[in-house]
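Contents: one structure, followed by commentary.
Quick note: the coordinates plus some simple rules give every number you see, no bench work behind them. No experiment lies behind these values; they were computed from the predicted model shown. Methodologically, a virtual Cβ is constructed for each residue, glycine included, from the backbone with ideal geometry; neighbour enumeration extends over all protein chains shown.
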Amino acid sequence: MIKINKFKVINKADIEFGLINIEKTTKGSINIIAGNNSSGKTTLSKCLYSVLGSLSNESYEIYETELKRLYYRLDADIFRFIRSHRKYEKDSQQNNLFGDNDSQKLFDDLILELNNLRRELSKITHNLDYGTNEISSVIEKIKDIFQHNNVQDYKIEKSIENTLNGLKTKENKIKRSEEIIQMLFNKEFGETYNDFFNNNISLFSTKNLNDPLLSLSSSNMYNDSLTDLVIGDIYYFETPFILDFFNNCNSPFGRKCEFETYHQSSLVKKLSQKPFEWQFNTDSRVENPKKILSGIISGNLHFDNKKGFMFKNNQGDFIIKNTAAGVKSIAMLLSLFDDLDDNSFLIMDEPEVHLHPLWQIKLAEAIVVMAKIRKIHFHINSHSPQFIEAIDTYGNFYDLDNIRYYLAKENGENTFNIEEILQADLVEIYNHFGDPYDELDRVRAKTRVKNATKDD
């Protein structure tokens, strides 16, 4: 369970999703979050992604990305040092400042050693298969060169210190997770972590709601029990148009650009990799989720190293910008469904957008089946009563009882409580979505009165 109190527009949210157990879960789950726009649904999604992302399979890769940045920083500082001292060397030769050949040789040897180690650093940066000890050895050699030659450079010393500390943190899951969660919150919300963490965001095991596994308002964020936690992949599906954005940024004529959030770049990276085929449940009572989605679009997402993302069917290959938004959405989900580990988490913002009502219903069926047979956990924001009813209907049909429904209710002063709605009380959510029809009925009544007045 994740508990959020007084964070941005969320006044209170207690979200149970069946995932946080010390032992690996035995079944998947679905959470449906309904509510108005700007009622905290996306804020909740970003919190979930940041918290669970720091603990997932992907956390190691996320931290490797941070280490890569540190390697680049150290290399850039060494390059700056070499360049500035080459200028000094040129001035010294012109003005005979070295005084003897030995000083010149020492200087040349220093630059030669640093360039050799820069090449090693480049190999490490572009090949993350290097072991921590191998990388530390290279960094220590750089440190020794400066100390042995009595050369001081504050920026390089700081880069070396940060990189060595980063390598130590990499091997400690608790410390690594603390670093990653700060990185993810900074990226997702575009604010400095310390600027907004006077709040209470906590993660609990379903077995113990008194001792949090994680508390962001505490100096010791993570409980040691987290080392036993098993979480698969985590992906945040927000919009199908990230495929267009990626293609535009990586075309020969496009402007090179980067995704603003990690969840976007992570999702695109996953989709660009060749998916693995996996075996579906052979139980005749359970539909094949891949078959359900493939039957909708009769094609699949394809990645070309030169052309980027394409949609492929029996009529040929189509560039993404000429592919319908609904087709892109289903194709992306179909690719994700192809390669998710058990106990993975898929966060989805309004997946019904761009879909015909029949497609919404079939998507709901595929999601229920995935949760049933692959132990996948879904957290879904939705504005569609048809989609929510389809989740409920197929959940009953496939005997998936681990489905929870929530509604964002205004608490006053533009803040919201995200409250659980029992299955027996789903009419409350449907009535919430029915308010616009009541407004239309009022307009129709006014129109009749207006027309009657004209006739009189």
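Less than 15 Å Cβ to Cβ from Asn414, Lys/Arg counted +1 and Asp/Glu -1: what total charge do the surrounding residues give?
Local net charge: +3.
Quick check: net charge around Ser136, other residues with Cβ under 13 Å of its Cβ, Lys/Arg +1 and Asp/Glu -1?
-2
With θ taken as phi - 60° and the coefficients 6.51, -1.76 and 1.60, list the Karplus ³J(HN,Hα) couplings across the stretch 313-320 in order, rounded to whole Hz; mark glycine and proline as x.
9, 6, 9, x, 9, 10, 5, 4
How much length would be gained if the chain were fully extended between Lys158 and Ser137, taking 0.36 nm per residue of separation minus their Cα-Cα distance, in nm to one decimal?
Gain on extension, Lys158 to Ser137, equals 5.9 nm.
How many nm separate the modelled label positions at Phe397 and His148, each set 7 Å beyond the Cα in the direction of the Cβ?
7.2
Near the amide H of Ile347, under 5 Å away, which other amide H atoms are found, from residues 5 or more places off or on another chain, if H is placed in the peptide plane?
Amide H neighbours of Ile347, under 5 Å, 5+ apart: Tyr235, Tyr236, Phe237, His379.
Please find the FRET efficiency linking Leu358 to Lys6, where r is the Cβ-Cβ separation and R0 is fixed at 41 Å, and quote it to the nearest 0.05.
So the FRET efficiency works out to roughly 0.50.
Residue by residue through the stretch 444-451, what is 3J(HN,Hα) from phi via Karplus (6.51 cos²θ - 1.76 cosθ + 1.60, θ = phi - 60°)? Round to whole Hz and write x for glycine and proline.
Whole-Hz 3J(HN,Hα) from phi for the stretch 444-451: 4, 5, 5, 5, 5, 5, 4, 5.
Quote the FRET efficiency, to the nearest 0.05, computed for Lys269 versus Gln423 with a Förster distance R0 of 41 Å and r equal to the Cβ-Cβ distance.
Once the sixth-power term is evaluated, E becomes 0.65.
Sum up the charges of everything whose Cβ sits under 15 Å from the Cβ of Glu389, counting Lys and Arg as +1 and Asp and Glu as -1, but leave Glu389 out.
The answer is -4.
Label points 7 Å out from Cα along the Cβ direction at Asp435 and Asp341: separation in nm?
Once both label points are built, they end up 4.2 nm from each other.
Mind listing the phi-derived Karplus ³J(HN,Hα) values for the stretch 158-169, rounded to whole Hz, using 6.51, -1.76 and 1.60 with θ = phi - 60°, and x for any glycine or proline?
The phi angles translate into 5, 5, 5, 4, 4, 5, 5, 5, x, 5, 5, 5 Hz.
List every residue whose amide H lies under 5 Å from the amide H of Leu214, counting only residues 5 or more places away in sequence or on a different chain, with H placed 1.01 Å from N in the peptide plane.
Placed amide hydrogens put Leu203, Asn223 under 5 Å from Leu214.
To the nearest 0.05, how large is the calculated FRET efficiency for Val443 and Glu413 if R₀ is 25 Å and r is the Cβ-Cβ distance?
Computed FRET efficiency for Val443 and Glu413 comes out at 0.25.
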